[in-house]
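Working notes for the structure below.
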Amino acid sequence: MSRRKNKNLKSAVALKYHTKKDVAPKVTAKGEGLVAERIIKLAKENQVPIKEDPDLVQILSQVDINKEIPPPVYKVVAELLAFVYKLNRKYQGFPGKPV
């Protein structure tokens, strides 16, 4: 893997996973700098939980858009999804919160 030239440059990766349709989560957006900031802004505006993990972002940035994540990161991403599902259950029934 290549190292980023500017370590202070923000990076982001968005994932999508349909349990009944997908074998594994897919990368739906990725980028650095202004693109990363836009991904993060859209996530916040849509109440999508955000998890900061620079190492995972670096790995997932290597995955093409609309492609499944690689098996070596299944466990880490499963833990991330469990975190998101737990948040969603916590806020169910509250107006304006994710369901």
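Bear in mind that the values in this text are calculations on the coordinates, not laboratory data. Predicted model only: the values in this text are computed from it and were never measured. In this analysis, Cβ positions are derived from the backbone assuming ideal geometry, glycine residues included, and neighbour counts consider all displayed protein chains.
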_Label point distance in nm, LYS51-THR28, each placed 7 Å from Cα along Cα→Cβ_ = 1.6 nm
*If you stretched the chain out fully between LYS67 and TYR85, how much longer would it get, using 0.36 nm times the residue separation minus the C-alpha to C-alpha distance?*
4.3 nm
*Length gain on complete extension for the stretch LYS20 to LYS41, per 0.36 nm per residue less the alpha carbon to alpha carbon distance?*
4.7 nm
